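The values are calculated or read from the model by the stated rules, or taken from the named source; none is laboratory data. Everything quoted here is computed from the prediction, not taken from an experiment. When we count neighbours, we look across all protein chains shown, and the Cβ atoms used for this are built from the backbone with ideal geometry, even at glycine. Ligands, DNA and RNA are stripped out before the accessible areas are found, and what is left, the full protein with its side chains, is counted by its heavy atoms. Shrake-Rupley method; radii C 1.70, N 1.55, O 1.52, S 1.80 Å.
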Amino acid sequence: MLKYVVRRILLAIPLVLGISLLVFGLMHLAPGDPVRMLAGREAPQEVIDSIRREWGFDKPFLVQYFTWLSKVLRGDMGRSVISQLPVSYLIKSRLPYTLKLNFWATLLGLAIAFPLGVIAAAKRQTWVDYAASAFALVGMSMPGFWLALVLIIVFAVQLNWFPTSGTGTWAHYVLPTATLGFSWAAGLMRMVRTSLLEVLKEDYVRTARAKGLREKVVLVKHALRNALIPIVTVLGTWLAYMVVGTVVIETIFAWPGLGRLLTTALLQRDFFLVQAIILMISVAVVAANLLVDVLYAVIDPRVRLS
Amino acid sequence: MKRLVVLLIALSLLLTGCGGGGAKTSDTFIYALDADIVNLLPVKLTNVVSTTVSTQIHEPLVKYEDTYDEFVPKLATEWSMDPSGLSWTFKLRTGVTWHDGEPFTSEDVKYTYETLLDPATKSVRRANYQIIKSIETPDEHTVVFHLSEPHGPFLDKMSQVPIMAKHHVSKVGLDDYNSKAIGTGPFMMVEWIPDDHVTLKANPNYWGGKPAIENVIFKPIPEASVRAMALQKGEVHFASGLTAEDFEKVLDKGNVQGIVVDSLAFAYFGHNNRNPLFADKRVRQALAYAIDGESIVNDVRKGAAIVSVGPISPTNAVWFNPNVKQYPYDPEKAKELLAQAGWQVGSDGFLTKDGKTFSFSVILAAGDEVMRNQAVLIQKWLKDVGVDLKLEFLDWSVMNDRLDNREYEAMMLSMTPSPDPDQFNYWHSTAIDNGFNDWCYSNVQVDRLLEQGRRETDPAARKAIYDEVQAILAEDVAAVFLYHPKVLGGLNKNFTGMTEGPAGQAPLLYKVKPVK
C-alpha cells in the first residue's frame, strides 16, 4: 500500500513540472505585455526598459522559466507585476475565502445530490425520479452567473433576507454557497443515480434481496458503497472545477477569493501571479487525484490487489 | 457516523470563525468601488480607484475643489511665480501634523517630489515632472521649485501629487505601503483586506476640522449590476459607474439620490491619420457628417452624455471653445464630400476609388455593451454613405498592444484629460511615438501652438492659444468627437454633502454628513 502511494507521488512530480512549463509558455504566447500594463500607456521607454530588466523579461524564455522555477522551489513566488505585492501574500489572503466557500458549497452539493440520487434510483421511473432528473437538467444547464444574479434579485433585493455581496457574517455565505452548491448538486445527483442503478442490477443485490433484507438496507449497505467508486472519481476531478467555477461566482458576489484574484491577474497579464495560482491549482488537482486513488483502495479492496 | 458529524461541526465553527464585518451605524459611510485598490503611494498612483482612496488620506499642495477656475489651498496656503516663470514659491500651512503626530514640513514636499523624480522609483508619472530642475527649502514652511523652462500647467501638475511623509516612507519603503499609509488628510488608514474592503477612520486632528463621518469603508464590487443592487438595498451608501437602466431602477426606490457628474472624458471614433485612406480632409469631414453623435447620446447613452465638438468638455468652461466647426448629422453632405474626394458608388453599393473599396476596420474593447451598441450604429451609418466598416472586438491587453504598436485603421475609445488644456500628450506629433496620440495626428501648426501653450504662463494668452488648437482639431477632424460621458452614481438619502463636481476629481468625503 505504502509502495503504491510513494510510486504515485513520484509519478506526479514530472506531471507538475510539465504543467508549470506549459503555463509559463502559454502566458508568454498570450498577447499583451505585462510591463505595458504595469507602466501604463504614458510611460516613457526608459521606464519600460528598466521594469523589463528588473523583472527579467528581457532574458530568453528558458532562462526566465528556470529562474522562476528555482525561486518557486525555494518558496519565493515573486511579486505581482501590477501591485508589486508578494505573490505569496496575495494568495494567502485569498485562499481561506475560496476554501470556506467551496467547503460549504460541496457540503450543500453532497447533501442535495446523495439523497436525491438515491431516491431517484430507488423509485426509478416514478414521478420522484422524473422530478429529480428535471432538477438536474435545469441545474446543469443554468449558467452560474445567471443563477447568481437571480438569487441576488430574489433573496437579497426583493425579500431582503441576505446581503447582495461581500463577506463578514454567515448570511454573506448563503447566496454564493447556494449558487455553487446547486450547480454541483445537479451533476452529482445524476452521477449518483446512474451509478446506483448500475449496481442495483448486480447479482449480489438480488441475493441480498432474496435473503429478505429490507430494501433500505439493501440500498444503503450493499449497493451504495459499491456505487461510490465512480462518484469518488468525479469528486476528485471536481476539485479543479471548484476553483474555476468560483471565478465567475466570486466576481459577482464580490467574494475576495482566489478565483477573482485569478481573473484580475489574467486580465492584467500579471505573469507571476497567474503562474503561481495555476501552479497551485494543478498541484491541488494532482494531489486530489492521488487521494482519490488511495480512497479507491479503501472503498474497494479489489483495487489494492492490482 | 457520529464522529463524522462532530468533525463537521468543529470544522464549520472553525471556518466561519473569522471575517471582518464593519459597524453599520450612521457615522459609517460605505463607498462601493468597481475594483480593489492597487497602490496608494502618492508617487505611484495610476488608477482611479487608488486615487479615490489615496486622496482621502494624503493631500497635495493645491487642489481643484469646486470649480476649475481656481485652485484651493491645501498643504500650501500661498503661492507665487517669479516674473521669469522659472521658479515657484509655496508657503506651507503651519501646525499640520501627520497621522502619527509628527509635524509636516517643507522637507516632506521636497522628499515627495524628489522620490517621484528619482528613476529608481520607476514612477510612470515621472516624465510629466521633469521640468522640475531643483527644489529648495529655505525654511520649514517654504518650498521653492526651480523649473527648466516656464510651465503653464505647473499648478495643475502640483494638484496631482499628494504629499507623503518623509520620516515614514523612508522607513517603511515604497513597497507594501497600502496598509501602512500615513498622510495629513481627513481620513486615516485602518485596514486593507485585499478584494474585500479598505477601512479608514476620521482624523481627529485634521487641520480642516474633524470630518462628520467617523468611518469610511470602501468595498470593491466588480459587477455593475450588483453594485446598483447593493446601493438600492442600502448595503452601500454610494456607488457610481452605474448603467442608465440601473440608475433609473435605483432612483425608483426612493432611498437613493442621483449623483450625475459631467466628466472631462471625451469619447471618439478615431481614424488612424497615418492611413492614406484618411489623408483627404474631405473624407474625414464626411465621416464626421455621417456619424450621428446626438443619436448616440440619446439612444445608446440614454442621455447620460453631452454631444462633443472637441477634446475639451463644455464642463471645463474656462477652457472650452464653442466656436469651432461642427458636424451635425448630414449623410447627404457626407456623400457629397466623398464624391468630391473621388469616391464612386460601386456595384455592391460601397464606394470605390482606383479599383479599391472604401473598407476599413475599427478596434474596440470587448465586453463593453455601450461601446458595442454605438459601434454597430456607426457601422450602419457609414454603410448608408457607402463605407464598409468592420468591427474588431479585442481583449483589453491585446487592445493595448495594438495601440502601442499603432496597428489599426481606426479605434474607438475614450480619453480623460486633465482640467488643464495642455493636451500635448494627445495631439503633438511627438506623442505618436511617446504618448497618447493614438490618432497619429500630426500638424505643424498644432505642434507649435502646443509647445507655446506649455511655456506660456499668462492665462489669457493660453486661452487664445488653446482656442485655436480646438478650432484646428475640429476643422481638421483629427478624430470624430462623439460625446463627453456623464458618470451616473447614487447616494443613500441618509447622507448629504457628496459634492457633484468638479468632474474627474476624487470625491471629497470629508464633506459628507449623515442626515440626523
Fill in the blank from the handout: Checked B:Arg406, B:Arg372 against criteria (at pLDDT below 95, at positive phi and within 30 Å of the chain's Cα centre (by Cα)); the one match is B:Arg406
Exercise for the section: Starting from the stretch B:58-77, take each residue that is within 22 Å of B:His168 (Cβ to Cβ) and list its partners that are among the small types (Gly, Ala, Ser) and part of a strand (DSSP E or B), counting only C-beta distances under 9 angstrom and pairs at least six apart or across chains. Expected result: B:Pro60/B:Ala76; B:Leu61/B:Ala76
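For every residue, the table says whether it meets (1) hydroxyl-bearing (Ser, Thr, Tyr); (2) open to solvent by 40 Å² or more (accessible area, probe 1.4 Å); (3) assigned to a helix (DSSP H, G or I).
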{"site": "B:Ile306", "(1), (2), (3)": "no, yes, no"}
{"site": "B:Ile312", "(1), (2), (3)": "no, no, no"}
{"site": "B:Pro328", "(1), (2), (3)": "no, yes, no"}
{"site": "B:Leu337", "(1), (2), (3)": "no, no, yes"}
{"site": "B:Ile363", "(1), (2), (3)": "no, no, no"}
{"site": "B:Gly367", "(1), (2), (3)": "no, yes, no"}
Fill in the blank from the handout: Inside the stretch A:33-92, the number of residues satisfying the requirement of being on the phi > 0 side of the Ramachandran plot and either away from chain B (no Cβ under 11 Å) or modelled with pLDDT under 75 (or both) is 4
Problem - Subset tally (residues that are open to solvent by 50 Å² or more (accessible area, probe 1.4 Å), more than 12 Å from A:Ala178 (Cα to Cα) and within 10 Å of chain B (Cβ to nearest Cβ)) for the stretch A:93-114 - result: 2
Handout entry: Residues of the stretch A:252-301 that turn out to be among the aromatic types (Phe, Trp, Tyr), more than 9 Å from chain B (Cβ to nearest Cβ) and open to solvent by less than 30 Å² (accessible area, probe 1.4 Å), as a count
Key = 2
Practice task
Could you tell me whether any residue of the stretch A:225-248 is within 11 Å of another protein chain (Cβ to nearest Cβ), in contact with a Gly (Cβ under 9 Å, 6 or more places away or on another chain) and part of a helix (DSSP H, G or I)?
Solution key: yes
Handout entry: Wholly within the stretch B:385-458, helices (runs of 4 or more DSSP H) carrying at least 3 residues that are within 14 Å of chain A (Cβ to nearest Cβ) and open to solvent by 30 Å² or more (accessible area, probe 1.4 Å)
Key = B:396-404
Fill in the blank from the handout: Cβ pairs under 8 Å, 6+ apart or interchain, first in the stretch B:444-472 and within 23 Å of B:Phe71 (Cβ to Cβ), second exposed (fewer than 14 other Cβ atoms within 10 Å of the Cβ), ordered by first then second residue, are B:Arg455/B:Glu149; B:Asp467/B:Asn323
Completion exercise
Among A:Ile119, A:Ile153, the single one that is assigned to a helix (DSSP H, G or I), free of Cβ contacts under 8 Å to residues at least 24 places away in the same chain, away from chain B (no Cβ under 14 Å) and more than 20 Å from the chain's Cα centre (by Cα) is A:Ile119
Completion exercise
Taking the stretch B:211-240 and keeping only residues that are outside any strand (DSSP E or B), open to solvent by less than 10 Å² (accessible area, probe 1.4 Å) and facing chain A (nearest Cβ under 7 Å), one is left with B:Ile221, B:Val226, B:Ala230
Exercise for the section: Mind listing whichever residues of the stretch A:162-186 are within 11 Å of chain B (Cβ to nearest Cβ) and either surrounded by 19 or more Cβ atoms within 10 Å (Cβ to Cβ) or under 14 Å from B:Glu235 (Cβ atoms) (or both)? Expected result: A:Phe162, A:Pro163, A:Thr164, A:Ser165, A:Gly166, A:Thr167, A:Gly168, A:Thr169, A:Ala171, A:His172, A:Tyr173, A:Leu175
Practice task
Residue by residue through the stretch B:49-104, note down the ones that are in contact with a helix residue (DSSP H, G or I) (Cβ under 6 Å, 6 or more places away or on another chain) and farther than 26 Å from B:Glu136 by Cβ.
Solution key: B:Gln56
Fill in the blank from the handout: Scanning the stretch B:244-270 for residues that are away from chain A (no Cβ under 14 Å) and assigned to a loop (DSSP other than H, G, I, E, B), the one most open to solvent (accessible area, probe 1.4 Å) turns out to be B:Gly254
